[in-house]
1. Are any residues in the stretch 77-110 more than 16 Å from Thr33 (Cα to Cα) and either surrounded by fewer than 18 Cβ atoms within 10 Å (Cβ to Cβ) or of a type in the set (A, V, I, L, M, F, W, C) (or both), and if so, which ones?
2. Given the conditions (1) of a type in the set (A, V, I, L, M); (2) touching a helix residue (DSSP H, G or I) at 6+ places or on another chain (Cβ under 7 Å); (3) more than 28 Å from Leu215 (Cα to Cα), which single one is not true for Ala70?
3. Answer with yes or no whether Val164 is modelled with pLDDT of 95 or more, under 14 Å from Val192 (Cβ atoms), in contact with a Pro (Cβ under 6 Å, 6 or more places away or on another chain) and buried (at least 16 other Cβ atoms within 10 Å of the Cβ).
4. If Gly242 satisfies every condition in (1) within 22 Å of the chain's Cα centre (by Cα); (2) closer than 22 Å to Lys189 by Cβ; (3) loosely packed, with under 15 Cβ neighbours inside 10 Å but one, which is the exception?
5. Go through (1) in contact with a strand residue (DSSP E or B) (Cβ under 6 Å, 6 or more places away or on another chain); (2) surrounded by 17 or more Cβ atoms within 10 Å (Cβ to Cβ) for Tyr195 and report which single condition fails.
6. Exactly one condition in (1) under 27 Å from Asp76 (Cβ atoms); (2) surrounded by fewer than 20 Cβ atoms within 10 Å (Cβ to Cβ) is not met by Val149; state its number.
7. Do any helices (runs of 4 or more DSSP H) lying entirely in the stretch 105-215 carry at least 1 residues that are of a type in the set (S, T, N, Q) and at negative phi, and which ones are they?
8. Restricting attention to the stretch 248-275, report how many residues are under 27 Å from Ala174 (Cα atoms) and in a helix (DSSP H, G or I).
Amino acid sequence: MLKLNLGLYKKLYLIRQAEQKIREHYPEDEMKTPVHLSIGKEAIEAGVCHALKPNDQIFGTYRSHGIYLARTGETDAFFAELYGRQTGLVKGKAGSMHLCAPEHGLMITSAIVASSVPVAVGAAYANKVKGNDAIVVVFFGDGATEEGVFWESINVASLMRLPVLFVCEDNDLAAFTPPKYRRGYACIKKLVSQYNCTVLGLESTDAEDIFKSALDAVESVRSGAGPCFLHLKYYRYLEHVGIQEDFDAGYRTREEFDKWFEKDPVNLQREKLSRLGAGENELLELEAKIDGQIDNSIKLAKQAPFTQIGELYRDVVE
C-alpha cells in the first residue's frame with residue numbers, strides 16, 4: 001500500500017510543482033503559449049494514468065499538462081516546448097495545448113473541445129482489429145459532452161464494443177458556464193447509461209480512490225466488455241486559461257474553493273503517506289528531487305535555441 005501511495009504522490013507532486021513553476025515564471029513573458037493549468041485535478045490524471053499499461057494509448061484536451069506529466073514523468077522536453085525551443089517535445093510547434101509523446105502512449109491533446117474523442121474511438125477500433133490488448137483512454141471536460149461528436153462517439157463505441165475508456169473530468173463548468181445554463185437534463189451518467197456502456201462515477205479527490213475506480217474501469221474495458229464512461233468530479237483552482245485566481249469574476253466564489261481545498265489532492269495524499277509510515281525526511285527528499293528536476297528543466301529550456309522558421313515546414317503531410 002505504501003508503494004502505491006508513494007507512486008501516486010510522485011505524480012501528484014510533479015504535476016502540482018511543475019504548474020506552480022509555470023505560474024512563477026509565466027509573467028516573465030518568455031513562455032510562448034497560453035496555458036490551461038491542471039491545479040486541483042491532479043488526482044484524476046495521477047490515478048487514471050497509474051492504472052494503465054505501457055502499451056495503452058491516451059488522448060486529451062488543451063488542459064494537458066497533468067496528463068503528460070503523469071504519463072511520462074519527464075520535464076525537459078515539456079518545459080522546452082512551453083518556451084518554444086528546438087528541444088521541445090514537438091520542437092516548439094505545439095505549445096501547451098497540443099502535447100504528445102507517442103513513445104509513452106500519449107497520442108494527442110487538442111485545443112478544440114471534444115475533438116480528440118472521435119479520434120480516440122478510431123484508435124480503439126484499430127486496436128480491436130489488431131487484437132493487441134491495448135485500450136484507449138480519452139480525457140475531456142464536462143463541456144465536451146454537449147458536442148454532438150461526443151454522442152456519436154459513445155454510440156459507435158457502444159455499438160462496436162470498442163476498448164475505450166471515456167474519462168469525464170467534471171468541474172461543473174464549461175469555461176465559465178455552470179450546467180443549469182447549458183443542459184436540459186439532470187445527470188450525464190444516466191444519459192450515458194442508456195448505451196451499451198459501463199458507467200462508473202466517483203466524487204473524491206483521493207488519488208488512491210480514483211486509481212482503484214480507474215483500475216475497475218480499465219479491467220472492464222480490457223476484458224472485452226466494451227466501452228466504459230468514468231465520471232470524476234474536481235474543482236479548478238485557477239481561471240479557465242492563465243495563471244490567476246478569478247473569484248472576483250462573478251461566476252463562482254472563494255467559499256467554494258475553500259471547501260474543496262480542505263480536501264486538496266496533494267495535501268490529502270501527503271497526509272495519508274505519513275499515516276502509512278512514510279518518514280518526513282523521506283518525503284522531503286522525494287520532493288526535493290522533483291523540485292530539482294523541474295528547476296533544471298526550466299534552466300535548460302531557457303538556454304536552448306529557439307525553433308527556426310523553417311521548422312514550420314517539417315513533418316507536414318502535403
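The values are calculated or read from the model by the stated rules, or taken from the named source; none is laboratory data. None of these values were measured; they are calculated from a predicted model. As a convention, Cβ positions derive from the backbone with ideal geometry for all residues, glycine included, and neighbour counts pool all protein chains shown.
1. Across the stretch 77-110, the qualifying residues are Ala101, Pro102, Glu103, His104, Leu106, Met107, Ile108.
2. Going through (1) of a type in the set (A, V, I, L, M); (2) touching a helix residue (DSSP H, G or I) at 6+ places or on another chain (Cβ under 7 Å); (3) more than 28 Å from Leu215 (Cα to Cα) one by one, Ala70 breaks only (3).
3. yes
4. (2)
5. (1) is the only condition that Tyr195 fails.
6. (1)
7. Helices (runs of 4 or more DSSP H) meeting the threshold: 116-130, 148-160.
8. Number satisfying all stated conditions: 12.
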